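Read the structure below first, then the notes.
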Amino acid sequence: MLSRNQFAALVLSSVLAIGGHAFAAEKKVIAVSIPAADHGWTSGVVYHAQAAAKEINAAFPGVEVIVKTSPSAAAQVSALEDLSAGHKLDALVILPYSSEELTTPVKAVKDAGAFITVVDRGLNDPTIQDLYVAGDNIAVGKTTAKFLVDKLGGKGDLVVLRGIPTVIDDERIKGFQDGIKGSELKVLDMQYAHWNSDEAFKLMQDYLAKYPDIDAVWANDDDMLLGVLEAIKQSKRTDIKFALGGNGMKDIVKKVIDGDAVTPIETPYPPSMIKTAIYLTAANLIGQAPVRGSVKLDAPLITKSNAKEYYFPNSPF
Amino acid sequence: MTIMTDLAPARRFREFNLTWSDVGPFLALAALLIVGFFINPEFLSATNLANVITRSAFIAIIAVGATFVISSGGLDLSVGSMAAFITGVTIMFMNRLAPGAQGWAIPAGMAMALLAGLLCGLANGLIVTVGRIEPFIATLGTMGIFRALITYLSDGGTIPIDRSLRDLYRPVYFGTVAGIPIPILISIVVTVAAAFLLYKTKYGRECAAVGASEDVARYSGISVVRTRTVAYVIQGVCVAIAAICYVPRLGAATPTTGLLWELQVITAVVIGGTALRGGKGHIWGTVAGAVILELIANLMVLSDFVSEYLVAAVQGAIIIIAMLVQRFSK
């Protein structure tokens, strides 16, 4: 509810900003272009982008952060055109829908003189960006794998749930496989469940039917982990020592805070990275702090002791 | 297809002289069970079969409703989004009531789900019949609308059920009566009621007549508008019943709930022997079709033959082979 009101306020304020542009010409404009909330992770991106816009607009009267969400790559291209037509953009923070379609439109914004910050998904031409902020998908898999190797004493049978065949999924799986290399952990089975709780529930039921003894489950995303946990609960099986996910969904981070025995850790691929990007961009515009370069956020182990840092109870994700 | 050839199988059914399209899906189901047993004996274990049939319940219940729509010559692409929307609305309604009404919030939520389903179905029906818009386009439109509404209601995240209701509601999916999971019992009740409606009542025959030939039906004094609209309302109510069983499974609605269910539903209806162009509906075949789809997916995981990258291709091939076997053994 709150975030919708915030959104309405934001739309209103950006409309007012267009109207009052002539009077406040010295205000520096940071446009933020992100995908619309269509699943858990993107809903987190929208939440954190709006939170950052609100905080920066309140803290720095000389800056105007405008957030624009788009439901498709084509819509995002149009949104960029609209944003540049309505304002002189001093900076653009963009989480591109797809690298191919957005590269040329972002270059046009850059040629008009804006500072370009690219988040998460890179453009085809990396020379366009001034700043690149992303998470580390390989580390998501590797950190989880290292934890399992450590806790299972280097020995055990695992099942893995993959997401949708994409680079993100491949990198997480690769990191995981690298992480268990050299140990006696064995992946019994690995199938796609499309980052969907329902499909993960079914797949886990099937894994449980197929394998009488499983030491640990890794779902490479928290939406899937929810389905996995429900299937384990139904089966009343006690052989599964760990069921782990990844991404930093609030429900799972809450489990870590509460000291859950089966899900004691989490690895982040935080949607809040959009906030890092917006703040860094603002730091460059306001404080002349040098930020050009690449920032790769690590995927550190979230345990009970540091989980509070990653817990956002008001975020939809 | 004329009205004469269409009514002939209906008469035969009453005399228990079953046609191939009546038994075909069940033979395919039996064949699948036998093949499955040889691939992995675990396939026929009571737990596995109970799991698979229970989770096919959503698609089966929705597909029973779709049999009416398709039999009457319509199509409904919105069922998956509608299921997600009804799930979301139901959970929000129950959560709102939970502090005051406690356990009573659950039956109230179920009533709310049925009402929502009825209204969603009615909207689809009226757009198609009174608005005279092609069912494909009309329901493609409402599919987008329902999907956007659930995304909006959830802010793109999840709508979880209140903790105090979670354990109370859980048995509706996970519970059993006399050893049979409750969703299976609900599907059986829905199917028996639907079979009665389609085969033993005037409405059922009107449905098939409208689907076989709209003009002939109209000249025979059947109201095409009323018959088709009622079919969409039945579909809406079936989606609501499926949503009622679905809520306790994961206890949440998300923008990805029910994604692509419409395709599974239509596939189940067609595997079940009902022609996509309308005419006689096969309720029991539809249910067999839904179970077959879920069994194939289950078998893909239990077998080790297929690379995870090729699962969808093998599933597609099995469905086509099953249809070809039915076609050529007539």
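The values are calculated or read from the model by the stated rules, or taken from the named source; none is laboratory data. Values in this document were obtained by computation on a predicted structure and should not be read as measured data. Counting neighbours? That spans all protein chains shown, and the Cβs are built from the backbone with ideal geometry, glycine included.
Below, the figures for the structure above:
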{"quantity": "Region B:136-171, residues that are of a type in the set (A, V, I, L, M), under 21 Å from the mean Cα position of the chain (by Cα) and more than 13 Å from chain A (Cβ to nearest Cβ)", "calculated": "B:ILE137, B:ALA138, B:LEU140, B:MET143, B:ILE145"}
{"quantity": "Every residue from region A:279-314 that is small (Gly, Ala, Ser) and either in contact with a Cys (Cβ under 9 Å, 6 or more places away or on another chain) or surrounded by fewer than 13 Cβ atoms within 10 Å (Cβ to Cβ) (or both)", "calculated": "A:GLY287, A:ALA289, A:GLY293, A:SER294, A:SER305"}
{"quantity": "Filter result for the condition that a residue is more than 14 Å from every other protein chain (Cβ to nearest Cβ), surrounded by 19 or more Cβ atoms within 10 Å (Cβ to Cβ) and at negative phi, over A:PHE317, A:PHE242", "calculated": "A:PHE242"}
{"quantity": "Number of positions in region B:37-49 that are more than 10 Å from chain A (Cβ to nearest Cβ) and either loosely packed, with under 12 Cβ neighbours inside 10 Å or closer than 17 Å to A:LEU208 by Cβ (or both)", "calculated": "4"}
{"quantity": "Contacts under 9 angstrom Cβ, first residue in region B:262-285 being among the polar types (S, T, N, Q), partner not in a helix (DSSP H, G or I), 6 or more apart", "calculated": "B:THR274/B:LYS280; B:THR274/B:GLY281; B:THR274/B:HIS282"}
{"quantity": "Residue within region B:129-142 that is more than 30 Å from B:ARG218 (Cα to Cα), among the aliphatic types (A, V, I, L, M) and part of a helix (DSSP H, G or I) present", "calculated": "no"}
{"quantity": "Residues of region B:214-250 that turn out to be among the aliphatic types (A, V, I, L, M) and not in a helix (DSSP H, G or I), as a count", "calculated": "1"}
{"quantity": "Evaluation of B:ILE321 against (1) surrounded by fewer than 20 Cβ atoms within 10 Å (Cβ to Cβ); (2) part of a helix (DSSP H, G or I); (3) within 20 Å of the chain's Cα centre (by Cα) (one fails), failing number", "calculated": "(3)"}
{"quantity": "Count - residues of region B:296-322 that are in contact (Cβ under 8 Å) with a residue 60 or more places away in the chain and either among the polar types (S, T, N, Q) or within 11 Å of another protein chain (Cβ to nearest Cβ) (or both)", "calculated": "4"}
{"quantity": "Residue among B:VAL247, B:VAL230 that is modelled with pLDDT of 90 or more and buried (at least 24 other Cβ atoms within 10 Å of the Cβ)", "calculated": "B:VAL247"}
{"quantity": "Residue count, region A:154-201 (criterion: part of a helix (DSSP H, G or I) and either within 14 Å of chain B (Cβ to nearest Cβ) or surrounded by fewer than 21 Cβ atoms within 10 Å (Cβ to Cβ) (or both))", "calculated": "14"}
{"quantity": "Candidate set from region A:202-239 (those that are polar (S, T, N, Q) and more than 10 Å from chain B (Cβ to nearest Cβ)); member that is surrounded by the fewest Cβ atoms within 10 Å (Cβ to Cβ)", "calculated": "A:THR238"}
{"quantity": "Top-ranked residue of region B:140-167 - restricted to ones that are surrounded by 16 or more Cβ atoms within 10 Å (Cβ to Cβ) and of a type in the set (Asp, Glu), ranked as farthest from B:ILE106 (Cα to Cα)", "calculated": "B:ASP155"}
{"quantity": "Qualifying positions in region B:243-289 - closer than 30 Å to B:LEU324 by Cα, facing another protein chain (nearest Cβ under 10 Å) and more than 13 Å from the chain's Cα centre (by Cα)", "calculated": "B:LEU259"}
{"quantity": "Which numbered condition B:GLY73 misses (of (1) closer than 16 Å to B:VAL265 by Cα; (2) part of a helix (DSSP H, G or I))", "calculated": "(2)"}
{"quantity": "Criterion violated by A:PRO212 - all others in (1) assigned to a loop (DSSP other than H, G, I, E, B); (2) under 17 Å from the mean Cα position of the chain (by Cα) satisfied", "calculated": "(2)"}
{"quantity": "Test: residue in region B:29-45 that is farther than 27 Å from A:GLN205 by Cα and acidic (Asp, Glu)", "calculated": "no"}
{"quantity": "Count - residues of region B:221-238 that are more than 29 Å from B:ALA84 (Cα to Cα) and touching a residue at least 40 places away in the same chain (Cβ under 8 Å)", "calculated": "1"}
{"quantity": "Residue count for region A:262-311, restricted to those that are within 27 Å of A:VAL29 (Cβ to Cβ) and assigned to a loop (DSSP other than H, G, I, E, B)", "calculated": "9"}
{"quantity": "Residue check, A:PRO300 under 14 Å from the mean Cα position of the chain (by Cα) and closer than 23 Å to A:VAL133 by Cα", "calculated": "no"}
{"quantity": "Within region B:23-64, tally of residues that are part of a helix (DSSP H, G or I) and more than 18 Å from the chain's Cα centre (by Cα)", "calculated": "23"}
{"quantity": "Counted residues, region B:169-213 - those being of a type in the set (A, V, I, L, M, F, W, C) and not in a helix (DSSP H, G or I)", "calculated": "3"}
